[in-house]
Structure formats: C-alpha cells, structure tokens
Amino acid sequence: MIGILEQISIAWLLTGAAALWFIRSYMQGGKYRKSTTALGKVVLITGANTGIGKETARELAKRGATIYMACRDMEKCEKARQELIKDTCNPNIHGMKLDLASLKSIKEFVENFKKVESRLDILINNAGIMACPHMLTDDGFEMQIGVNHLGHFYLTNSLLDMLKESAPSRIVVVSSLAHTMGPFKKNDFLSERSYDASKVYSHSKIANILFAHELAKRLQGTKVTINSLHPGVVESDLLRHSILDKNPIISYIFAFPKRIFFKTTSNGAQTTLYAALDPDLELVTGTYFSDCRPKKTAAVARDDNLAKWLWDESDRLINLKLAQLGLK
C-alpha cells in the first residue's frame with residue numbers, strides 16, 4: 001500500500017515539475033531565430049550596461065556590429081563592456097557617457113558621438129526608469145517622463161541626420177504593456193499636480209508609442225523606420241524601485257514565482273533584436289511588437305491628434321529649457 005502511495009506521490013511531483021517547466025518555457029515568449037548578420041552596422045543602445053540592453057548589445061556584437069553603449073554610470077558601463085568583449089570576441093564595443101536626465105549631457109553625447117562616428121544604422125532607445133519615488137531631472141522634468149520619453153525624444157531628434165544619411169536605418173523604442181494600464185495625463189503632463197509612481201510609468205510608456213507613431217509619419221520616404229515594442233515582464237534592474245525588490249520579505253516570497261513567470265534578460269531582448277534585425281521589417285514602420293510579432297496597442301497610443309500634441313509639447317519644453325541653459 002505504501003509503495004502505491006509513493007508511486008502516486010512521485011507521479012504527481014513529476015507531473016507538477018513538468019507543468020512548471022512548460023509554464024516557464026511558455027512565459028519566456030517568442031525568440032528571434034534568424035541568423036541575420038549585423039556586420040558593418042553601427043548600433044547605439046541606451047542603458048546597455050545592464051538588463052535587456054546589455055543582452056541586446058551582447059547578441060548584436062556576436063553578429064558583428066559595432067556597438068556604442070550609452071550609459072549614465074561609466075564604471076558599470078566599462079565593467080559590462082569588458083565582459084561583452086570577452087564573451088563575443090568583438091573588440092568594437094565602446095562606452096560613452098549619457099545621462100538621459102540631463103539635456104546638457106545628451107547634447108554633449110551627440111557632439112562626441114558625431115566626432116567618432118560618421119554613420120548610425122540602428123538606434124535602440126532602451127534605457128528607462130520604472131515606478132520610482134517622485135524625482136526631477138536636472139532640467140526640472142518629472143523623472144519618468146523626463147528619462148523615458150523627453151530624453152529619448154531629444155536624443156533621437158539630434159541623431160536623425162545621421163540616421164537619414166545611413167539609410168536604410170532603424171529606430172527601436174522599448175515601451176511596455178504597461179501603456180495599457182494608465183491614462184495619458186495631457187492636462188498634467190509633467191505630474192506637477194499629482195503623482196502615482198505606477199500610473200506615471202504607464203503615462204511615459206504611452207508617450208514612447210505615441211512618439212514612434214508620430215515620428216514614423218515624419219520619416220516617410222527617408223528609409224528610416226521606427227517601431228516600438230513590449231519586451232515582456234523581465235526580471236531586471238528596472239524593478240529596483242518596486243516592492244518586489246525593495247521589500248526583503250516580499251522579494252523572498254516571490255523569488256520562485258519570478259523564476260517561473262518572468263522572462264530572463266536574454267529572452268527579454270528577443271523582440272528588440274527582431275525589430276532591429278529582421279530583414280522582413282526593412283520597410284515596416286510605426287508598428288508595435290511583442291514576442292517577435294505585431295500587436296495592437298491601446299487606443300490611446302494610436303491617437304493621431306494626441307501624438308501630434310505630444311510631439312509639439314515635447315519640442316516646446318525641450319527648446320524652452322535649452323534656451324534657458326544657453327545650449328541652443
């Protein structure tokens with residue numbers, strides 16, 4: 001009798017283990033499986049020293065690209081750069097200082113980049129901050145909209161001349177499914193009247209997609225494409241301000257579920273690689289992807305009038321601040 005019970009218990013354990021393995025494999029999402037080369041391509045990735053940005057840099061370096069890691073913390077950047085050079089045997093991986101929370105830093109970065117490079121084939125707007133306490137950028141913008149949207153808006157527009165000269169070229173914007181979870185705060189764009197960390201993150205992710213939507217229209221006929229994407233729910237440093245990472249008890253409790261339901265950083269990079277490399281996407285622009293295939297966005301992220309308003313407001317805010325700083 002005991003033998004039968006033991007056999008039943010073992011069978012249930014094996015079935016449970018198999019189910020968990022299946023769920024974990026499923027949750028890792030779509031993969032970019034084509035062996036597309038990136039040889040001769042110059043690629044700029046923001047926030048490339050950690051998380052999916054680092055894994056994107058790793059894979060593109062393996063495929064022969066010249067990589068520029070645009071990072072705020074140069075000590076961490078250099079450590080990651082040396083690791084990537086060793087792992088990929090590609091010496092053409094460079095680190096450059098870029099703080100997306102500072103328009104002055106962005107301007108200096110662009111000037112320095114244009115001194116060392118004559119082309120730019122792929123720009124990957126990957127860096128971001130998520131659900132942080134209320135903070136301001138150096139220029140007085142709320143941090144999440146300032147880094148996730150305004151910093152990348154200014155960076156991308158400052159590099160458009162290089163992208164056009166290097167066409168066909170691509171811009172990849174890492175957004176999030178979180179864009180479906182919060183309103184777009186047109187009447188409080190910089191969160192000066194109220195602040196909810198998670199809703200403001202969603203607000204900034206809507207802005208990412210609206211930016212790509214509008215810029216795709218403006219780039220028609222240039223052979224420069226821009227697409228946005230959701231990388232998946234990824235276990236990375238982006239979660240450092242969330243209760244899952246900040247609270248040690250909750251972090252311990254959720255450690256195992258995270259391993260089952262969250263993507264690895266390598267798998268989180270797959271849709272970025274797909275958008276950056278797939279030959280079938282050479283003429284595809286203004287599209288939103290998830291798990292290496294097109295996905296429909298929330299209606300707010302497809303609003304033409306809102307996209308145009310966001311462009312004009314972003315341009316106004318940045319040019320006003322640049323004028324105040326004497327950087328125009």
Amide H neighbours of ILE226 at under 5 Å, excluding residues fewer than 5 places away on the same chain, with H built from the backbone geometry, are ILE171, GLY286
Within a Cβ distance under 12 Å of SER118, other residues only, what is the Lys/Arg minus Asp/Glu net charge? -1
At the level of C-alpha centres, the distance separating segment 130-176 and segment 88-104, in angstrom, is 14
Packing-based order for 173-181, 188-196, using average beta carbon neighbours within 10 Å, highest first: 173-181, 188-196
Highest mean first, what order results for 154-162, 205-213 on Cβ atoms within 10 Å? 205-213, 154-162
Say the dipole of segment 32-325 comes from +1 at the beta carbon of Lys and Arg and -1 at that of Asp and Glu; which of LEU98, LEU317, SER266 then lies farthest toward its positive end? SER266
Quick shape check on segment 66-133: root eigenvalues a ≥ b ≥ c of the Cα gyration tensor, a/c under 1.5 is rounded, otherwise prolate if a/b tops b/c, else oblate, and it reads oblate
Pairwise centroid distance, computed over Cα atoms, of segment 285-328 with segment 54-72, Å: 25
Using label points projected 7 Å from each Cα along Cα→Cβ, tell me how many nm separate TRP309 and LYS79, to one decimal. 4.4
For GLU6 and LEU283, extending 7 Å from Cα along the Cα-Cβ vector and measuring point to point gives, in nm, a value of 6.8
Quick one: which of 59-66, 41-48, 164-171 comes out on top by average Cβ neighbours within 10 Å, and what's the full order, highest first? 41-48, 59-66, 164-171
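Can you tally the net charge around ASN187? Count Lys and Arg as +1, Asp and Glu as -1, for every other residue whose Cβ sits under 12 Å from the Cβ of ASN187.
Details: positive: LYS185, LYS186, ARG193; negative: ASP188, GLU192, GLU313.
For residues surrounding ASN187, the net value is 0.
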Apply the Karplus curve 6.51 cos²θ - 1.76 cosθ + 1.60, θ = phi - 60°, to the phi angles in segment 318-324 and return the couplings in whole Hz, x for Gly and Pro. 5, 5, 5, 5, 4, 5, 5
Convert each backbone phi in segment 264-277 into a coupling constant with the Karplus relation 6.51 cos²θ - 1.76 cosθ + 1.60 (shift: θ = phi - 60°), then list the ³J(HN,Hα) values in order as whole Hz, x for Gly and Pro. 6, 5, 4, 6, x, 7, 5, 6, 5, 4, 4, 5, 7, 10
How much net charge surrounds PRO168 when only other residues with a Cβ under 10 Å from its Cβ are counted (Lys, Arg +1; Asp, Glu -1)? 0
Links that overshoot a 20 Å alpha carbon limit, given the list LYS41/LYS328; LYS107/LYS205; LYS54/LYS263; LYS199/LYS263: LYS41/LYS328; LYS107/LYS205; LYS199/LYS263
Bins of 5 Å, beginning at zero and ending with the bin holding the largest distance: percent of Cα pairs per bin for segment 32-325, please. 1, 6, 13, 17, 20, 19, 14, 8, 3, 1, 0
Going Cα to Cα from LYS308, which aspartates and glutamates come in below 18 Å? Please leave out same-chain ones fewer than 8 positions away. ASP188, GLU214
If amide H atoms are modeled at 1.01 Å from N in the peptide plane, then the residues at a separation of 5 or more from GLY95, or on another chain, having amide H under 5 Å from its own are MET69
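Only the coordinates and a few stated rules stand behind these numbers; no lab work does. Worth saying up front: this structure is predicted, and the values here are computed from it rather than measured. Neighbour counts are summed over all protein chains in view; Cβ atoms, including those assigned to glycine, are modelled from backbone coordinates with ideal geometry.
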